[in-house]
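> Mind looking over this structure? Questions follow.
The values are calculated or read from the model by the stated rules, or taken from the named source; none is laboratory data. Keep in mind that what you see is a predicted model, and the values were worked out from it rather than measured. Neighbour counts are summed over all protein chains in view; Cβ atoms, including those assigned to glycine, are modelled from backbone coordinates with ideal geometry. Quick note on the areas: whole protein, heavy atoms, side chains included, nothing else; ligands and nucleic acids left out. Shrake-Rupley method; radii C 1.70, N 1.55, O 1.52, S 1.80 Å.
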Amino acid sequence: MFNKAALVAFSLIAMACGQQVGTLTTETHPALPWQKCTTSGGCVTQSSGKVVLDSNWRWLHSTKDTTNCYTGNTWDATLCPDGTTCAANCALDGADYSGTYGITTSGNALTLKFVTSSAQKNIGSRVYLMASDTSYQMFKLLNQEFTFDVDVSNLPCGLNGALYFSQMDADGGMAKYPTNKAGAKYGTGYCDSQCPRDIKFINGVANSVGWTPSSSDVNAGTGQYGTCCNEMDIWEANNNAAAFTPHPCTTGAQSRCEGDACGGSDDRYGSVCDPDGCDFNSYRMGAPNFYGQGKTVDTTKKFTVVTQFITDDGTANGNLKEIRRIYVQNGQVIQNSNVNVPGMSSSYNSITEQFCDDQKAAFGDTTSFQDKGGLAGIGKGMATGMVLVLSVWDDHAVNMLWLDSDYPTTADPSAPGVARGSCPTTSGVPTDIESSEANSSVTFSNIRFGDIGSTFSGSSSTGGGSTSAPAGTSTTRPVGTTTTPAPAATQTKYGQCGGQGWTGPTACASGSSCKVSNPYYSQCL
């Protein structure tokens, strides 16, 4: 929901994004195998999977020697008098993933450490899943589900272990922009729905013209240009709060913006992208006892996150109409929490156009999500293909309060949509947590992708969690809605209809039938 690129502190003396390729450090991508699944054939390991570090974190130096092109939060004026000259003069080098950046893999698990101290101090990181050493893995999400295991037990207030999809170019922009000689092999071509202006190179040239060093981050700044594209936030979370959020852009794929057209503090909604998205955060949606330490989804232990992308015709050629969330922990399938917000139906537990319309009205938020294309807009990006991004970061703008605390801090915490998590409003200050929480980390593992119902198993759970509202929040419901989601004799399409231990409805709504995904879970499809 907020600018992941612009808000991460990167603290190596010369970290920046370049377009030429250096030869001082060999680039070796850590292996990260994942699985592709079908309902008929099970899951098959993709052993070619690897991760690559985003170019914004890398050492950028002169092509002739080791002179830094970017130091602290300023460019070298001699090497970078303009963007094109800078691209020719500066080389992007390989990375020491574990020693410098705290990025390690083991089997199918990826761990991202928050702070790593070596010769210099590194804060946060961002990596992409690769199909080969020169190309990102492209995922087409429509009528599919994406599943992964995550351990956020060591990720406290103020931090964000994020997993999301961005509509980047598979080659990192090399084909489109010939001055980009580094490409996906060196993590180039990033974009997201915040149209970040902190990216050092965009469209093959340096973003050095008009560069303004950050007043709150000694290693960051903003340039004249930003880089925009569709973004699907599968997972933005720590051990206190979590959200999943689609962010459409009218331009869809990666495009460059300039100045105010990138959005930002002066005109947040002036860009081609929706910065807010339509989010589902269980705490914010009225279920404070669903996600967190010792709660229904217990963040002191590893768990599985399943996200399903439902189309209107049940095929990959249809239009995106719903984004559903399921959890699995300790062998139990946990359905997503139901909404408990005045003015919204208590039957909601997924993202649909109606959910988004009602949420924006109930919270008094802007309709930027709808204005920039809604689910149909983000669905077009999913049909084209998107790149998997994994990161850990802290927030120099608003201390991650938008995710895990009361935000805006000037609003009444009892007002609908303000309370987003249990963290205090004093938490998440980067200068504090970069010291006190330096050893924090997030681990993503067991990534699976494929047919709906093919990527997970587990016995059924009553799920949903408590819908008790935060203290001071009204639990009054609109006339005509029920206070609890009572089981019906007929299950709705895409709902659970069977499996060992299942006690709910087994008959499916007209137009769907109960399909067995595994011995523990059947779904109306």
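> What net charge is computed for the residues neighbouring Trp211, neighbours being all others with C-beta under 14 Å from the C-beta of Trp211, Lys and Arg scored +1, Asp and Glu -1? Numbers along the way, then the final one.
Numbers: positive: Arg197, Lys200; negative: Asp76, Asp82, Asp198, Asp217, Glu258.
Every neighbour counted, the sum reads -3.
> Another question about this same structure. Taking 22 Å as R0, compute the FRET efficiency from the Cβ-Cβ separation of Thr384 and Thr134 and round it to 0.05.
0.65
> Just add up the charged neighbours of Asn154: K/R +1, D/E -1, any other residue whose Cβ is under 13 Å from the Cβ of Asn154.
It works out to a net charge of +1.
> Return the inverse of the average 1/r over all pairs of distinct C-alpha atoms in the chain, which is the Kirkwood hydrodynamic radius, in Å to one decimal.
Numbers: mean 1/r = 0.0431 Å⁻¹.
Computed over the chain, the radius equals 23.2 Å.
> Which of the three applies to the range 128-263, rounded, prolate or oblate, going by the alpha-carbon gyration tensor with a ≥ b ≥ c and a/c under 1.5 meaning rounded?
oblate
> Another question, if that's okay. Under the rule a/c < 1.5 gives rounded, and otherwise a/b versus b/c splits prolate from oblate, where does the range 372-417 land using the Cα gyration tensor?
Judged from the Cα gyration tensor, the range 372-417 comes out oblate (a/c at least 1.5, b/c at or above a/b).
> Where does the chain land at 222 nm, in deg cm²/dmol rounded to the nearest 500, when only DSSP H runs of n ≥ 4 count, each adding -39500 (n - 2.57), divided by all residues?
Helix contribution divided over all residues of the chain: -2500 deg cm²/dmol.
> Given the Cα-Cα distance of Thr300 and Thr506 and 0.36 nm per residue of separation, how much length would full extension add, in nm?
That works out to 70.8 nm of additional length.
> Given +1 on the Cβ of Lys and Arg, -1 on the Cβ of Asp and Glu, and no further charges, what dipole in debye does the chain carry about its Cα centre, rounded to the nearest 20? List each step's numbers first, then the result.
Numbers: 31 positive and 44 negative charges, 244 e Å.
Computed charge dipole of the chain: roughly 1180 debye.
> Measure up Lys113/Lys515; Lys113/Lys176; Lys302/Lys380; Lys140/Lys181; Lys64/Lys140 against 30 Å on the Cα-Cα distance and list the ones that go over.
The pairs that break the limit, which is 30 Å between Cα atoms, are Lys113/Lys515; Lys113/Lys176; Lys302/Lys380; Lys64/Lys140.
> Determine, from the Cβ-Cβ distance of Val21 and Asp82 and an R0 of 22 Å, the FRET efficiency 1/(1 + (r/R0)^6), rounded to the nearest 0.05. All intermediate terms of the calculation are to be shown ahead of the outcome.
On the way: r = 21 Å, r/R0 = 0.95.
After rounding to 0.05, the efficiency reads 0.60.
> Count the net charge of all other residues whose Cβ sits under 15 Å from the Cβ of Ala415, scoring Lys and Arg as +1 and Asp and Glu as -1.
On the way: positive: Arg284, Lys360, Arg420; negative: Asp365, Asp406, Asp412.
Overall, the nearby charge balance is 0.
> A further question on this structure: Return the carbon/sulfur percentage of the accessible area of the range 355-412, one whole number, probe 1.4 Å, all protein chains in place.
Its accessible area is 50 percent carbon and sulfur atoms.
> Ok, one more. If packing is taken as the average number of other Cβ atoms within 10 Å across a peptide's residues, how do 65-72, 51-58, 396-403 rank, most packed first? Let's see the in-between values first.
Values: 65-72: 17.2, 51-58: 25.0, 396-403: 23.2.
Most protected by this proxy first, the peptides run 51-58, 396-403, 65-72.
> Considering Cα pairs under 8 angstrom that are at least six residues apart, work out the relative contact order of the range 243-326 and quote it in whole percent.
Relative contact order of the range 243-326: 19 percent.
> Keeping every protein chain present and rolling a 1.4 Å probe, give me the accessible area per residue for the chain in Å².
Normalised by residue count, the accessible surface of the chain is 34 Å².
> Now a separate question. Leaving ligands, DNA and RNA out of it, report the carbon-plus-sulfur percent of the accessible area of the range 101-161 at a 1.4 Å probe.
45 percent
> Gln120 label point, 7 Å along Cα→Cβ, cut-off 14 Å on backbone N: hits in the range 60-84?
Counting backbone N atoms under 14 Å from the label point, the list is 60-62, 66-76.
> Next up: Probe radius 1.4 Å, ligands and nucleic acids ignored: give me the carbon and sulfur share of the accessible area of the range 205-319 as a rounded percent.
44 percent
> Need the full-extension length gain, Thr367 to Glu353, defined as separation in residues times 0.36 nm minus the C-alpha distance. One decimal, nm.
So the extension gain works out to 3.9 nm.
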